[in-house]
Amino acid sequence: MPGTATALALAGKRDGATDPLAQAAGVTHKCLVPVVGQPMLVHVIEALAASPRIGEIRVAIEDVAVLDALPQLRGLRNTGRLVAIPARPNLVDSVLAAADGARFPLLITTADNVLLTPDALAEMLDGCAAQGANAAVAFTRRASVLAAHPQGQRKFYRFADDEFSNCNTYWLKDAKALAAAETFRSGGQFVKHPMRIIGAFGLLNLIRFGIGTLGQAFVRFSRRFRMVIAPVILSDGAVAIDVDNARSHGVASELLERRLARVEAA
């Protein structure tokens, strides 16, 4: 599909361990935990597949047979639009393996990002193009998250211009931009594990991380990696609510049920 981005959904186990949500749901992988009657991964793939801006969809998972048990994805797999890629032991190596042979640009998200929408994807891709980015990270404002749900998130990155939440959505313009993926070799989630920023961006950027505006922080990150790394601010705060625990699972379920009710009423 010329002119489209390849999408990568990261669905492997962290360190090979079974996630507590998966254990509670009686499934092998977190991506299989049901939310409003469907595995989390299915929600994410359906959002990607519904976007005319997304071409091939790749799923990085250490056991590709997991996808065989999901009849909802069979049609996409049969057409070749959905491809399973064996995940590697860590996040970065999984991205590098999944990017091999892919058509760029590459949009990366996670299998627990169940509130992702085609509109949010379009906003992300447009924002990357408008800023001339080599790599980009999706954020949304605190007010947008809380407007979507008052319990949507509890931790935010604080900057001079606002407070923001990461939306677990990333974009790489070309293979050269894969160098930025090294940022997440320690696992990302900097708001939960601030010391990881030392390895990702260096000590000086850790000290300055919350100083100035979000845009100014990314100018520093761009200098560190010698490429334009841009933040893209999404308007839909729900996209920042990934399913990490029982609380966020309940929030995501509530929001998805509302969406379904609106579709049925239309």
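Observations, loosely collected:
- Whole-angstrom gap from the range 33-50 to the range 230-254, using each part's C-alpha centre: 14 Å
- Computed extension length for Arg74-Asp162: 27.4 nm, one decimal, from 0.36 nm per residue of separation with the Cα-Cα distance subtracted.
- Largest mean-square fluctuation among Val66, Val44, Val228, in a Gaussian network model of the chain whose springs join Cα atoms under 10 Å apart, belongs to Val66.
- Long-range Cα-Cα pairs in the range 1-150 (distance over 22 Å), rounded percent: 41 percent
- Added length on full extension, which subtracts the Cα-Cα distance from 0.36 nm per residue, Ala50 to Ala17: 8.7 nm
- When the Gaussian network model of the chain links Cα atoms closer than 10 Å, the mean-square fluctuations of Pro86, Pro150, Pro118 top out at Pro150.
- Candidate values (1) 22.2, 75; (2) 19.4, 66; (3) 17.5, 52 were compared with Rg and Dmax of the Cα atoms in Å computed on the shown model; the agreeing label is (3).
- Label point distance in nm, Glu257-Gln38, each placed 7 Å from Cα along Cα→Cβ: 1.7 nm
- Solvent-accessible ranking of Phe104, Phe221, largest area first, probe 1.4 Å: Phe104, Phe221
- Heavy-atom accessible surface of the chain, averaged per residue, reaches 45 Å², computed with a 1.4 Å probe.
- Estimated FRET transfer efficiency (Asp63, Asp174; beta-carbon r; R0 25 Å; 0.05): 0.25
- Screening the chain for whole DSSP H helices with an alpha carbon extent of at least 15 angstrom along the helix axis and a mean Kyte-Doolittle hydropathy of at least -0.5 yields 118-130, 214-225, 246-265.
- Solvent-accessible surface ranking, highest first, for Glu163, Glu264, Glu46 at 1.4 angstrom: Glu264, Glu46, Glu163
The values are calculated or read from the model by the stated rules, or taken from the named source; none is laboratory data. Not measured: the values here are computed from a predicted model. Cβ: placed from backbone, ideal geometry, glycine included. Neighbour counts: every protein chain shown. Side chains included, ligands, DNA and RNA excluded: accessible areas come from the protein's heavy atoms. Shrake-Rupley method; radii C 1.70, N 1.55, O 1.52, S 1.80 Å.
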